[in-house]
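Novice: Attaching a single structure in C-alpha coordinates format; questions to follow.
The values are calculated or read from the model by the stated rules, or taken from the named source; none is laboratory data. Quick caveat, the model's predicted, so the values are computed rather than measured. Glycine gets a Cβ as well: all are built from the backbone with ideal geometry, and neighbour counts include every protein chain shown. The accessibility values were calculated without ligands, DNA or RNA, using every heavy atom of the protein model including side chains. Shrake-Rupley method; radii C 1.70, N 1.55, O 1.52, S 1.80 Å.
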Amino acid sequence: MNVIAVKNLTRDYGRGKGIFDVSFEVASGEVFGFLGPNGAGKTTTIRHLTGFIRSRLGQCMIKHMDCWKDREKINSMLGYIPGEINFFDDMTGMQFLDFISDYRCIQGENRKHELIEYFRLDPCCKIRKMSKGMKQKTGIIAAFMNDPEILILDEPTSGLDPLMQNRFIELIKQEKERGKTILMSSHIFDEVERTCDRVGIIRGGRLVTVDSIDALRQRHVRTYTVKLADEKQAAGFSDDFGGTREGCSVTVTARQSLEEIFMNYYGGGFNDK
(Lines give C-alpha, C1' and ligand atoms only; values in the text may rest on other atoms or scores of the structure.)
Protein backbone atom coordinates (compact mmCIF):
# COMPACT_ATOMS: atom_id res chain seq x y z
CA MET A 1 0.00 0.00 0.00
CA ASN A 2 1.33 3.43 -0.95
CA VAL A 3 1.16 5.99 1.85
CA ILE A 4 2.72 8.92 -0.04
CA ALA A 5 2.00 9.61 -3.71
CA VAL A 6 3.34 12.48 -5.82
CA LYS A 7 1.89 12.55 -9.33
CA ASN A 8 3.17 14.81 -12.13
CA LEU A 9 3.87 17.62 -9.68
CA THR A 10 5.01 20.85 -11.35
CA ARG A 11 5.84 24.25 -9.88
CA ASP A 12 7.51 26.54 -12.41
CA TYR A 13 9.20 29.60 -10.92
CA GLY A 14 10.68 30.63 -14.26
CA ARG A 15 14.24 30.56 -15.59
CA GLY A 16 14.30 26.80 -15.22
CA LYS A 17 13.71 26.96 -11.46
CA GLY A 18 11.10 24.82 -9.75
CA ILE A 19 9.99 21.22 -10.08
CA PHE A 20 8.72 19.60 -13.25
CA ASP A 21 6.53 16.51 -13.68
CA VAL A 22 7.80 14.91 -10.45
CA SER A 23 6.21 11.52 -9.69
CA PHE A 24 7.06 8.93 -7.04
CA GLU A 25 5.40 6.84 -4.34
CA VAL A 26 6.43 5.71 -0.86
CA ALA A 27 5.01 2.44 0.42
CA SER A 28 3.82 1.74 3.93
CA GLY A 29 6.79 0.95 6.18
CA GLU A 30 9.33 2.16 3.61
CA VAL A 31 12.19 4.62 4.09
CA PHE A 32 12.56 6.66 0.91
CA GLY A 33 15.63 8.83 0.34
CA PHE A 34 15.21 12.03 -1.68
CA LEU A 35 18.62 13.03 -3.00
CA GLY A 36 19.82 16.22 -4.60
CA PRO A 37 21.96 19.29 -3.88
CA ASN A 38 20.59 22.60 -2.61
CA GLY A 39 18.23 24.14 -5.14
CA ALA A 40 17.41 20.89 -6.93
CA GLY A 41 13.75 20.87 -5.82
CA LYS A 42 13.69 18.69 -2.70
CA THR A 43 12.25 21.30 -0.35
CA THR A 44 9.69 22.56 -2.88
CA THR A 45 8.38 19.01 -3.25
CA ILE A 46 8.30 18.51 0.52
CA ARG A 47 6.46 21.80 1.09
CA HIS A 48 3.72 20.56 -1.23
CA LEU A 49 3.49 17.31 0.74
CA THR A 50 3.22 19.11 4.07
CA GLY A 51 0.48 21.45 2.85
CA PHE A 52 2.50 24.66 2.88
CA ILE A 53 2.17 25.06 -0.92
CA ARG A 54 -0.93 24.35 -2.99
CA SER A 55 -0.20 22.33 -6.11
CA ARG A 56 -0.96 24.09 -9.37
CA LEU A 57 -0.18 21.17 -11.65
CA GLY A 58 -0.15 17.59 -10.45
CA GLN A 59 -1.16 16.11 -7.15
CA CYS A 60 0.23 15.21 -3.72
CA MET A 61 -1.55 12.58 -1.63
CA ILE A 62 -0.88 11.12 1.80
CA LYS A 63 -3.02 8.10 2.74
CA HIS A 64 -5.22 8.93 -0.27
CA MET A 65 -5.93 12.42 1.11
CA ASP A 66 -5.11 15.62 -0.75
CA CYS A 67 -2.14 17.31 0.92
CA TRP A 68 -3.66 20.78 0.54
CA LYS A 69 -7.37 20.17 1.12
CA ASP A 70 -6.83 17.69 3.96
CA ARG A 71 -3.68 19.22 5.44
CA GLU A 72 -5.10 19.59 8.93
CA LYS A 73 -6.03 15.92 9.17
CA ILE A 74 -2.75 14.83 7.56
CA ASN A 75 -0.65 16.95 9.91
CA SER A 76 -2.21 15.21 12.90
CA MET A 77 -0.47 11.97 11.84
CA LEU A 78 2.71 13.56 10.51
CA GLY A 79 6.15 14.21 11.98
CA TYR A 80 8.00 16.94 10.09
CA ILE A 81 11.48 18.42 10.20
CA PRO A 82 11.79 21.48 7.93
CA GLY A 83 15.01 22.31 6.16
CA GLU A 84 15.21 25.56 8.12
CA ILE A 85 13.67 25.33 11.57
CA ASN A 86 12.18 28.53 13.00
CA PHE A 87 12.02 28.80 16.78
CA PHE A 88 10.82 31.28 19.39
CA ASP A 89 14.22 32.44 20.61
CA ASP A 90 13.02 33.60 24.03
CA MET A 91 11.76 30.11 24.89
CA THR A 92 13.83 27.35 26.39
CA GLY A 93 14.02 24.05 24.56
CA MET A 94 11.48 22.52 26.96
CA GLN A 95 9.09 25.45 26.60
CA PHE A 96 9.24 25.06 22.82
CA LEU A 97 8.58 21.30 23.03
CA ASP A 98 5.68 21.92 25.44
CA PHE A 99 4.31 24.53 23.03
CA ILE A 100 4.45 22.01 20.16
CA SER A 101 2.71 19.40 22.35
CA ASP A 102 -0.09 21.86 23.16
CA TYR A 103 -0.35 23.08 19.55
CA ARG A 104 -0.68 19.52 18.26
CA CYS A 105 -2.93 18.45 21.16
CA ILE A 106 -0.49 15.70 22.20
CA GLN A 107 -1.73 13.99 25.34
CA GLY A 108 0.52 12.79 28.18
CA GLU A 109 4.30 12.79 28.28
CA ASN A 110 4.70 10.81 25.02
CA ARG A 111 8.36 10.24 23.99
CA LYS A 112 9.67 13.70 24.79
CA HIS A 113 11.84 12.85 27.79
CA GLU A 114 13.07 9.62 26.23
CA LEU A 115 14.28 11.53 23.15
CA ILE A 116 15.78 14.38 25.19
CA GLU A 117 17.93 11.82 26.97
CA TYR A 118 18.70 9.92 23.75
CA PHE A 119 20.03 13.04 21.99
CA ARG A 120 21.63 14.47 25.15
CA LEU A 121 19.81 17.77 24.85
CA ASP A 122 19.85 20.36 27.62
CA PRO A 123 16.19 21.46 27.38
CA CYS A 124 16.61 24.26 29.93
CA CYS A 125 18.86 26.30 27.63
CA LYS A 126 17.35 29.34 25.91
CA ILE A 127 16.95 28.69 22.20
CA ARG A 128 18.79 31.90 21.29
CA LYS A 129 21.85 30.53 23.09
CA MET A 130 21.70 27.12 21.43
CA SER A 131 24.19 25.98 18.80
CA LYS A 132 22.97 24.86 15.39
CA GLY A 133 23.31 21.24 16.52
CA MET A 134 21.25 21.81 19.68
CA LYS A 135 18.51 23.50 17.68
CA GLN A 136 18.49 20.60 15.24
CA LYS A 137 18.14 18.11 18.11
CA THR A 138 15.18 20.14 19.41
CA GLY A 139 13.55 19.99 15.96
CA ILE A 140 14.11 16.23 15.74
CA ILE A 141 12.54 15.67 19.16
CA ALA A 142 9.57 17.87 18.22
CA ALA A 143 9.00 15.77 15.08
CA PHE A 144 9.29 12.35 16.74
CA MET A 145 7.88 12.86 20.22
CA ASN A 146 4.21 12.27 19.34
CA ASP A 147 5.13 8.91 17.74
CA PRO A 148 3.76 9.78 14.26
CA GLU A 149 3.05 7.05 11.75
CA ILE A 150 4.48 9.12 8.86
CA LEU A 151 7.67 11.19 8.94
CA ILE A 152 8.81 13.77 6.38
CA LEU A 153 12.35 14.91 7.12
CA ASP A 154 14.13 17.68 5.18
CA GLU A 155 17.92 17.50 5.77
CA PRO A 156 17.31 16.17 9.31
CA THR A 157 20.95 15.86 10.43
CA SER A 158 22.07 19.32 9.33
CA GLY A 159 24.39 20.70 12.02
CA LEU A 160 24.68 17.47 14.00
CA ASP A 161 28.09 16.12 14.97
CA PRO A 162 29.05 12.59 13.81
CA LEU A 163 27.98 10.99 17.12
CA MET A 164 24.50 12.52 16.95
CA GLN A 165 24.24 11.74 13.23
CA ASN A 166 24.83 8.09 14.09
CA ARG A 167 22.22 8.23 16.86
CA PHE A 168 19.75 9.69 14.39
CA ILE A 169 20.46 6.87 11.91
CA GLU A 170 19.82 4.31 14.65
CA LEU A 171 16.54 6.06 15.48
CA ILE A 172 15.44 5.85 11.84
CA LYS A 173 16.27 2.12 11.81
CA GLN A 174 14.18 1.62 14.96
CA GLU A 175 11.25 3.54 13.50
CA LYS A 176 11.48 1.51 10.30
CA GLU A 177 11.28 -1.72 12.33
CA ARG A 178 8.15 -0.31 13.97
CA GLY A 179 6.55 0.09 10.55
CA LYS A 180 6.82 3.85 10.14
CA THR A 181 6.72 5.39 6.65
CA ILE A 182 9.57 7.86 6.16
CA LEU A 183 10.54 10.28 3.40
CA MET A 184 13.96 11.79 4.05
CA SER A 185 15.74 14.35 1.91
CA SER A 186 19.49 14.43 2.33
CA HIS A 187 22.84 14.90 0.65
CA ILE A 188 24.65 12.80 3.26
CA PHE A 189 25.16 9.55 1.40
CA ASP A 190 26.16 7.43 4.40
CA GLU A 191 22.89 8.01 6.24
CA VAL A 192 20.88 7.32 3.09
CA GLU A 193 22.75 4.07 2.35
CA ARG A 194 22.31 2.90 5.95
CA THR A 195 18.60 3.66 6.26
CA CYS A 196 16.78 3.86 2.92
CA ASP A 197 15.06 1.13 0.92
CA ARG A 198 14.79 3.22 -2.24
CA VAL A 199 16.02 6.60 -3.43
CA GLY A 200 14.88 9.24 -5.85
CA ILE A 201 17.52 11.50 -7.37
CA ILE A 202 16.36 14.95 -8.46
CA ARG A 203 18.29 17.21 -10.81
CA GLY A 204 17.19 20.65 -11.96
CA GLY A 205 13.70 20.01 -10.62
CA ARG A 206 13.27 16.73 -12.48
CA LEU A 207 13.53 13.20 -11.13
CA VAL A 208 16.28 11.40 -13.02
CA THR A 209 15.83 8.02 -11.32
CA VAL A 210 13.80 6.24 -8.65
CA ASP A 211 15.00 2.80 -7.59
CA SER A 212 16.34 0.67 -4.78
CA ILE A 213 19.96 1.25 -3.78
CA ASP A 214 20.81 -2.34 -4.75
CA ALA A 215 19.28 -1.90 -8.21
CA LEU A 216 21.15 1.37 -8.72
CA ARG A 217 24.40 -0.34 -7.82
CA GLN A 218 23.70 -3.20 -10.21
CA ARG A 219 23.08 -0.74 -13.04
CA HIS A 220 26.30 1.12 -12.33
CA VAL A 221 28.71 -1.80 -12.05
CA ARG A 222 32.02 -1.22 -13.85
CA THR A 223 34.04 -4.10 -15.24
CA TYR A 224 37.74 -3.88 -16.05
CA THR A 225 39.94 -6.47 -17.78
CA VAL A 226 43.69 -6.36 -17.11
CA LYS A 227 46.22 -8.38 -19.06
CA LEU A 228 49.34 -9.39 -17.10
CA ALA A 229 52.75 -10.54 -18.31
CA ASP A 230 52.23 -14.18 -17.33
CA GLU A 231 49.77 -16.47 -15.57
CA LYS A 232 51.62 -16.31 -12.24
CA GLN A 233 51.23 -12.53 -12.09
CA ALA A 234 47.63 -12.87 -13.23
CA ALA A 235 46.89 -15.36 -10.42
CA GLY A 236 48.41 -13.00 -7.85
CA PHE A 237 46.48 -10.03 -9.20
CA SER A 238 43.27 -12.05 -9.16
CA ASP A 239 43.81 -13.09 -5.53
CA ASP A 240 44.55 -9.51 -4.46
CA PHE A 241 41.57 -7.88 -6.19
CA GLY A 242 39.02 -10.69 -6.23
CA GLY A 243 38.81 -10.94 -10.00
CA THR A 244 38.24 -13.86 -12.32
CA ARG A 245 41.23 -15.12 -14.32
CA GLU A 246 41.47 -16.58 -17.79
CA GLY A 247 45.05 -17.23 -18.75
CA CYS A 248 46.99 -13.98 -18.36
CA SER A 249 43.84 -11.83 -18.23
CA VAL A 250 41.96 -10.86 -15.06
CA THR A 251 38.49 -9.32 -15.03
CA VAL A 252 37.62 -7.19 -11.99
CA THR A 253 34.16 -5.86 -11.15
CA ALA A 254 33.95 -2.53 -9.29
CA ARG A 255 30.76 -1.56 -7.56
CA GLN A 256 30.15 2.17 -7.13
CA SER A 257 29.10 3.84 -3.92
CA LEU A 258 25.85 5.81 -3.76
CA GLU A 259 27.88 9.01 -3.87
CA GLU A 260 29.63 7.90 -7.07
CA ILE A 261 26.29 6.96 -8.63
CA PHE A 262 24.87 10.35 -7.63
CA MET A 263 27.83 12.13 -9.22
CA ASN A 264 27.24 10.20 -12.46
CA TYR A 265 23.78 11.74 -12.68
CA TYR A 266 25.21 15.17 -11.97
CA GLY A 267 27.99 14.95 -14.51
CA GLY A 268 30.70 15.09 -11.84
CA GLY A 269 29.61 18.37 -10.25
CA PHE A 270 27.32 19.37 -7.41
CA ASN A 271 25.00 21.66 -9.29
CA ASP A 272 21.55 21.49 -10.78
CA LYS A 273 22.18 23.35 -14.03
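Novice: Mind checking segment 20-58 for trypsin sites (Lys or Arg not before Pro) that DSSP puts in a loop (not H, G, I, E or B) and that have at most 15 other Cβ atoms within 10 Å? All intermediate terms of the calculation are to be shown ahead of the outcome.
Specialist: Numbers: sites: 42, 47, 54, 56; in loops: 54, 56.
Those satisfying the criteria are 54, 56.
Novice: Next question, about the same structure. Can you list the cysteines of the chain that have no other Cys Cβ under 4.7 Å away?
Specialist: Among the cysteines of the chain, those whose Cβ sits 4.7 Å or more from every other are 105, 124, 125, 196, 248.
Novice: With a ≥ b ≥ c the root eigenvalues of the C-alpha gyration tensor of segment 93-236, is it rounded (a/c under 1.5), prolate (a/b larger than b/c) or oblate?
Specialist: Details: a/c = 2.89, a/b = 2.32, b/c = 1.25.
Judged from the Cα gyration tensor, segment 93-236 comes out prolate (a/c at least 1.5, a/b above b/c).
Novice: Let me ask something additional. Once amide H atoms are built 1.01 Å from N in the peptide plane, which residues 5 or more positions from residue 92, or in another chain, come under 5 Å H to H?
Specialist: Long-range HN contacts for residue 92: 127.
Novice: Also, quick follow-up: Per residue and in Å³, how big is the convex hull formed by the alpha-carbon atoms of segment 1-76? It would help to have the intermediate numbers written out before the result.
Specialist: Working: hull volume 6.8 nm³, N = 76.
Hull volume normalised by residue count: 89 Å³.
Novice: Let me ask something additional. Run lengths n ≥ 4 of DSSP H only: what is the helix-derived mean residue ellipticity at 222 nm for the chain, with -39500 (n - 2.57) per run over all residues, to the nearest 500? Mind showing how you got there, number by number?
Specialist: On the way: 10 runs with 93 residues, N = 273.
Counting only the DSSP helices, I get -9500 deg cm²/dmol.
Novice: Let me ask you something else. Taking 0.36 nm per intervening residue step and subtracting the Cα-Cα distance, what contour gain separates residue 163 from residue 178 on full extension? List each step's numbers first, then the result.
Specialist: Details: separation 15, 0.36 × 15 = 5.40 nm, distance 2.30 nm.
That pair, residue 163 and residue 178, stretches by 3.1 nm at full extension.
Novice: So what is the relative contact order for segment 1-126, in percent, with contacts set as C-alpha pairs under 8 Å and at least six apart? Before the final figure, lay out the partial values.
Specialist: Numbers: 144 pairs, mean separation 26.4, N = 126.
So the answer I get is 21 percent.
Novice: Short version: ³J(HN,Hα) in whole Hz for each residue of segment 66-72, in order, from phi by Karplus 6.51 cos²θ - 1.76 cosθ + 1.60 (θ = phi - 60°), x for Gly and Pro, what are they?
Specialist: With the stated coefficients, segment 66-72 comes to 6, 5, 8, 5, 10, 4, 5 Hz.
Novice: Students often forget the sequence filter, so: which lysines lie under 27 Å Cα-Cα from residue 42 once same-chain residues fewer than 8 apart are removed?
Specialist: 7, 17, 63, 69, 73, 132, 135, 137, 173, 176, 180, 273
Novice: Per-residue accessible area for residue 262 at 1.4 Å probe radius, Å² rounded to 10?
Specialist: 0
Novice: Can you give me the Rg/Rh ratio for segment 71-131, using Cα atoms for both radii and the Kirkwood formula for Rh? Write down the numbers at each step before the final one.
Specialist: Working: Rg = 12.4 Å, Rh = 12.8 Å.
In segment 71-131, Rg relative to Rh is 0.97.
Novice: Three principal axis extents, largest first, for the C-alpha atoms of segment 39-100, in Å?
Specialist: The principal-axis extents, from largest down, are 41, 29, 14 Å.
Novice: Another question about this same structure. Along the Cα→Cβ direction, 7 angstrom out, place labels at residue 235 and residue 77. What is the inter-label distance in nm?
Specialist: Calculated label separation equals 6.4 nm.
Novice: Now, a different point. Viscosity 0.692 mPa s, temperature 37 °C: Stokes-Einstein D of the chain from its Kirkwood Cα radius, in µm² per second?
Specialist: On the way: Rh = 20.5 Å.
The estimated diffusion coefficient comes to 160 µm²/s.
Novice: Check residue 198: other-chain or 5+ apart residues with amide H under 5 Å from its amide H, H built from backbone geometry?
Specialist: Answer set, sorted by chain and number: 31, 33.
Novice: With unit charges on the beta carbons (Lys and Arg positive, Asp and Glu negative) and the dipole taken about the Cα centre of segment 96-232, which residue among 141, 100, 208 sits farthest to the positive side?
Specialist: With unit charges placed on the Cβ atoms, the residue in question is 208.
Novice: Kindly sort 103, 266 by accessible area of their heavy atoms, largest first, with the probe set to 1.4 Å.
Specialist: Values: 103 170, 266 5 Å².
In descending accessible area the options line up as 103, 266.
Novice: Additional query: Could you give the size of the charge dipole of the chain about its Cα centre, using +1 on the Cβ of each K and R and -1 on the Cβ of each D and E, expressed in debye and rounded to the nearest 20?
Specialist: Numbers: 39 positive and 38 negative charges, 184 e Å.
The calculation lands at about 880 debye.
Novice: Loop by DSSP (not H, G, I, E, B), at most 10 other beta-carbon atoms within 10 Å: where is the longest site-free stretch of the chain for GluC sites (Glu not before Pro)? Working shown, then result.
Specialist: Details: sites that count: 84, 109.
Free of exposed loop sites, the longest segment is 110-273.
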